[in-house]
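Below you'll find the structure, written out as structure tokens, and then a few comments.
The values are calculated or read from the model by the stated rules, or taken from the named source; none is laboratory data. Remember, predicted model here, so these are calculated numbers, not experimental data. As a convention, Cβ positions derive from the backbone with ideal geometry for all residues, glycine included, and neighbour counts pool all protein chains shown.
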Amino acid sequence: MSDVQQLIEAVNQADSADLLLKTVEDLAEATDQAAIPTLVEVLGFNNPGAAVAAVDGLIKIGDPVVPYLLKNLDSYNYGARAWATRVFAGIGDPAALDLLLKAAVSDFSQSVRRAAAKGLGSIIWSKLPAEEVITAQQKVLKTLLLATEDGEWVVRYAAVVGLEALGNTLAISQPKLVSEIINKFQALIISEPEAAIQARIKYAINNGQLLTDN
Amino acid sequence: MKDEPKNEAEQLTVEQAIANLKQKEDLGKRYYAAWWLGKFRVRETEAIAALLMALEDEQDRAPDGGYPLRRNAARALGKLGDKNAVEPLTRCLEFPDFYVREAAAQALEMLHDRQCIPSLIKLLDGGVAAATRVTGKPHLVQPYEAVIEALGTLGATGAVDLIEPFTQHPTEKVKYAAARAMYQLTKEDRYGEMLIRALSGDDLQLRRSALMDLGAVGYLKASQAIADTLAENSMKLIALKGLLETNLDNQDPEISTQSINIMNLMDSLL
């Protein structure tokens with residue numbers, strides 16, 4: 001048995017929550033494509049510690065994870081869906097863009113909408129054919145603006161974080177879209193009921209290059 | 001949601017809910033209406049009056065001798081924020097049904113009215129020595145967790161000497177309720193640290209409950225420990241939001257470095 005096979009075997013044999021966490025951490029550490037199916041499976045267990053380790057491991061493996069995960073999404077287990085969305089967000093591969101656009105505004109689970117909104121801000125645009133970038137960025141902007149109206153505070157918070165990240169990547173290529181983000185932020189500072197989100201918007205405005213570039 | 005009836009997808013209007021609560025024939029409908037009025041925050045005078053009546057109901061009895069409708073009415077009154085409920089709920093603290101006393105203590109905590117403090121304190125009579133399990137029941141003599149949490153939230157600084165011994169109570173939930181209240185009342189770090197230790201305990205339920213407690217009291221030194229807890233990100237985000245709100249309350253409109261640290265942790269958990 002190869003080293004990775006042994007690590008996978010150890011995960012399969014784990015018979016306690018603690019041991020599962022430990023063995024998943026070891027497997028994630030290996031950063032080996034052979035670990036993908038096992039790490040994806042762990043996302044569906046009700047063990048938040050092990051899931052965090054699996055998410056980190058899958059993000060480290062990167063692009064090869066995306067097609068497998070798209071094919072094996074567990075649409076019934078919303079916990080697993082939320083963790084998977086975090087993996088897509090962490091990798092930033094535009095292959096998951098359609099899924100994230102849909103999930104951010106229409107998934108039944110707020111944890112999934114939250115992770116998708118964050119992920120939309122961290123798409124690696126250089127991986128998309130140049131002629132598709134502008135249309136895709138406009139879609140992302142539209143979706144995130146909509147997500148700032150979500151009924152759940154945590155999704156609105158994530159939408160602000162997503163918009164901030166998007167704004168930073170757009171600053172040079174599409175200044176017009178950046179000004180839409182700033183206008184939205186300025187409107188939200190007045191209309192947003194949650195102090196925590198207001199603070200996050202102020203932080204985004206003060207901290208980013210958003211204002212100076214405008 | 002332990003107080004959410006499972007098989008009632010029924011859509012009600014405010015008028016129907018009030019009428020259902022007032023009628024005497026269908027006990028199930030009354031019970032559901034009481035819950036519904038709280039859930040949808042129906043603050044109309046008539047709704048409050050009907051709930052206050054339900055608080056004295058004798059008809060709806062559980063096999064254990066309890067009063068299910070009273071329990072639901074008390075919970076609903078806590079959510080509605082009407083101070084007229086304070087006195088009737090305070091009287092409920094002496095009622096024989098444990099769960100009515102518990103619901104009343106939780107409701108009084110939500111109503112933020114300090115009048116009830118002496119009555120809450122009375123439930124701690126006998127201290128930790130008296131706080132034992134009732135034979136044959138899954139609960140202690142009094143709803144200590146709810147009472148102590150209410151005293152903490154209501155700022156009952158006079159009760160500090162009575163609450164402190166409960167930080168050593170053998171029931172974990174009571175112990176942590178006492179740590180939470182003691183932190184609220186004294187702002188001493190050692191009680192916040194007790195809650196932080198609970199974050200690394202073996203029981204996921206207790207870790208979750210410690211997350212909620214730390215968020216509710218806004219113990220700022222807990223931010224990193226919260227982010228590192230083995231629990232769902234959604235719970236950690238709620239706890240960190242509580243810390244952030246506390247920190248924002250304490251300062252001028254400028255965003256402090258501490259607030260920024262908390263927001264960075266929140267960002268990483270999204």
Give just the number: which of (1) in contact with a Gly (Cβ under 9 Å, 6 or more places away or on another chain); (2) outside any helix (DSSP H, G or I) does B:E245 not satisfy? (2)
Of the numbered conditions (1) on the phi > 0 side of the Ramachandran plot; (2) touching a Leu at 6+ places or on another chain (Cβ under 8 Å), A:G62 fails exactly one; give the number of that condition. (2)
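Listed here are the residues, each with its yes/no results for (1) farther than 21 Å from A:A82 by Cβ; (2) modelled with pLDDT of 95 or more; (3) of a type outside the set (S, T, Y).
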position: A:S122; (1), (2), (3): no, no, no
position: A:W125; (1), (2), (3): yes, no, yes
position: A:L128; (1), (2), (3): yes, no, yes
position: A:E132; (1), (2), (3): yes, no, yes
position: A:L141; (1), (2), (3): yes, yes, yes
position: A:V155; (1), (2), (3): no, yes, yes
position: A:V161; (1), (2), (3): no, yes, yes
For region A:156-174, state whether one or more residues are hydroxyl-bearing (S, T, Y), part of a loop (DSSP other than H, G, I, E, B) and over 30 Å from B:D249 (Cβ atoms). yes
Just checking, does region A:173-193 include any residue being buried (at least 19 other Cβ atoms within 10 Å of the Cβ), touching a residue at least 40 places away in the same chain (Cβ under 8 Å), within 20 Å of A:Q110 (Cβ to Cβ) and more than 14 Å from every other protein chain (Cβ to nearest Cβ)? yes
B:D203 passes all but one of the listed conditions (1) within 12 Å of another protein chain (Cβ to nearest Cβ); (2) of a type outside the set (G, A, S); (3) within 26 Å of B:T257 (Cα to Cα); the exception is number (3)
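Kindly indicate whether B:Y219 is among the aromatic types (F, W, Y) and either farther than 24 Å from B:S234 by Cβ or surrounded by fewer than 19 Cβ atoms within 10 Å (Cβ to Cβ) (or both). Don't jump to the end; show me each part of the working.
Values: among the aromatic types (F, W, Y): yes; either farther than 24 Å from B:S234 by Cβ or surrounded by fewer than 19 Cβ atoms within 10 Å (Cβ to Cβ) (or both): no.
So B:Y219 fails the test.
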Can you run down the residue pairs with Cβ atoms below 9 Å, 6 or more apart or on separate chains, where the first is in region A:67-95 and more than 22 Å from A:I124 (Cα to Cα) and the partner is surrounded by 16 or more Cβ atoms within 10 Å (Cβ to Cβ) and among the polar types (S, T, N, Q)? A:Y78/A:S109; A:Y78/A:S111; A:G79/A:S109; A:G79/A:S111
Result of the Cβ filter at 6 Å on region B:162-180, keeping first residues that are under 19 Å from B:A222 (Cβ atoms) and in contact (Cβ under 8 Å) with a residue 40 or more places away in the chain and partners that are buried (at least 20 other Cβ atoms within 10 Å of the Cβ) and hydrophobic (A, V, I, L, M, F, W, C), at least 6 apart or interchain, is none
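Within region B:181-188, identify whether any single residue is small (G, A, S), on the phi < 0 side of the Ramachandran plot and assigned to a helix (DSSP H, G or I), and answer yes or no. Give the steps one after another, and end with the answer.
First, the residues of region B:181-188 that are small (G, A, S): B:181.
Still in the running and on the phi < 0 side of the Ramachandran plot: B:181.
From what is left, the residues that are assigned to a helix (DSSP H, G or I) are B:181.
Yes, the conditions are met somewhere in region B:181-188.
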Go through the residues of region B:130-148 one by one and say whether even a single one is assigned to a helix (DSSP H, G or I), modelled with pLDDT under 95, more than 19 Å from B:Y219 (Cβ to Cβ) and not basic (K, R). yes
Here is a check on your reading of the model: is A:K71 more than 13 Å from chain B (Cβ to nearest Cβ), basic (K, R) and over 17 Å from the mean Cα position of the chain (by Cα)? yes
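Residues to consider are A:N214, A:N207; find the one that is farther than 23 Å from A:V105 by Cβ, surrounded by fewer than 18 Cβ atoms within 10 Å (Cβ to Cβ) and either modelled with pLDDT of 90 or more or within 14 Å of another protein chain (Cβ to nearest Cβ) (or both).
Working: A:N214 fails: either modelled with pLDDT of 90 or more or within 14 Å of another protein chain (Cβ to nearest Cβ) (or both).
It is A:N207.
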Inside region B:134-149, the number of residues satisfying the requirement of being within 10 Å of the chain's Cα centre (by Cα) and free of Cβ contacts under 8 Å to residues at least 12 places away in the same chain is 0
Helices (runs of 4 or more DSSP H) fully within region B:1-109 counting 2 or more residues that are out of contact with any strand residue (DSSP E or B) (no Cβ under 8 Å at 6 or more places or on another chain) and farther than 22 Å from B:K122 by Cβ: B:14-22, B:27-39, B:45-54, B:68-80
